[in-house]
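One structure below.
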Amino acid sequence: MLPRLAAAALALLAATMALVPVAVAQTATAARPAAIEVNSRPIGYFSHGEPSRVRFGSLEFVSGLVLTSSFRGFGGLSALRVDPRGERFVAVSDKGTWFTGRFVYRGRQLAGLAEVTAAPVLGPDGGPIARRGWYDTESLAIDGDTAYIGIERVNHILKFPAFGRDGVRAYGEPISAPPALRRLPFNKGLEALVVVPRALPLGGTLLAISERGLDAAGNIQAFMIGGPSPGEFSVRRRDDYDVSDVAVLPSGSLLLLERKFSIFSGVGIRIRRIPLAGVVPGAVVDGPAIFEADLGYEVDNMEGLDVHETAAGDTILTMVSDDNFSLLQRTLLLQFKLVDP
């Protein structure tokens, strides 16, 4: 186990460095969606040291999968959105590729993926955005028929107004973004997007959070785009964690997925719960950690997070990892039940 964990830690260290330009040939190779096969291996437990343990902070481990595919462009999954019933998903890779499909369950547990398709993310001219050098597609938000993708390397946000009609064939158009967002640092820029549901405060607002773009006080820069109160706010940066993704609970809190890596302390994964009511222009928001894990658990470079509710009323968190297209890392799909929704 130790050699694998050490290799994974080294791979995560490499992931924090600047990426080399990605060839268009490494993304989905055709403009039309292609059906692909994704294989899955169940994860029987979350803690290596305590296989029977299921409670981790405010979460209970439900199930997990290790995903692999012979499709050359599979991997690098940096953002994930799940439909309200937890049946279908949309993901985006950091090489500008859409992945869509259906979760297969056996009872409450994930058993695999079905009907998976891959397609390049298309820009305003109808061509793959990778041809423009718009890669590092790290974040995804869906608001009804509209989708948004955040491109970290160039700090653009693409809007897909026809996503509900055309799906992954929709063309993306850059939206107007705050000047400070466009100035976020190279490879530490736009990392998390979510649209606040209309029934909640700030309903309809697109929240955009950087990975490690810091304000003058050393906190993480974030933005409210559109909605009733556009402006900038910050997220208190604690314990050297960077932002990976964000989701909104139906009860009106943000769940912030974070990660860190250092040679001395290793890999850390954390979820913080932040009251949405505190998100106002000029605010510095903060909240407690409800989940923490390191390489003693079944984690990797966790980058995507979303929330859905089951028919029984359980709140389920789904996380996915970005393997950086490395043989030393894995694509993991994990589901947890939130104990205190």
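The values are calculated or read from the model by the stated rules, or taken from the named source; none is laboratory data. Because the structure is a prediction, the values reported are computed rather than measured. Backbone-built Cβ (ideal geometry, glycine too); neighbour counts: all protein chains shown.
General remarks:
- Residue in the range 94-126 that is surrounded by the fewest Cβ atoms within 10 Å (Cβ to Cβ), counting only those that are without any contact (Cβ under 8 Å) to a residue 60 or more places away in the chain and farther than 26 Å from residue 314 by Cβ: 125
- Residues of the range 39-60 that turn out to be surrounded by fewer than 21 Cβ atoms within 10 Å (Cβ to Cβ) and either in contact (Cβ under 8 Å) with a residue 40 or more places away in the chain or part of a strand (DSSP E or B) (or both), as a count: 14
- Among the candidates 254, 295, residue that is out of contact with any Lys or Arg (no Cβ under 6 Å at 6 or more places or on another chain), surrounded by 15 or more Cβ atoms within 10 Å (Cβ to Cβ) and closer than 23 Å to residue 50 by Cβ: 295
- When residues in the range 284-321 are screened for being free of Cβ contacts under 8 Å to residues at least 12 places away in the same chain and of a type in the set (A, V, I, L, M), 1 of them pass.
- From 141, 216, 180, 192, residue being closer than 19 Å to residue 283 by Cβ, within 18 Å of the chain's Cα centre (by Cα) and at pLDDT 95 or above: 192
- Qualifying residues in the range 21-74 (those that are at pLDDT below 95 and polar (S, T, N, Q)) - the one farthest from the chain's Cα centre (by Cα): 29
- Looking across the range 299-311 at every residue that is modelled with pLDDT of 95 or more and more than 17 Å from the chain's Cα centre (by Cα), the one that is farthest from residue 252 (Cα to Cα) is identified as 310.
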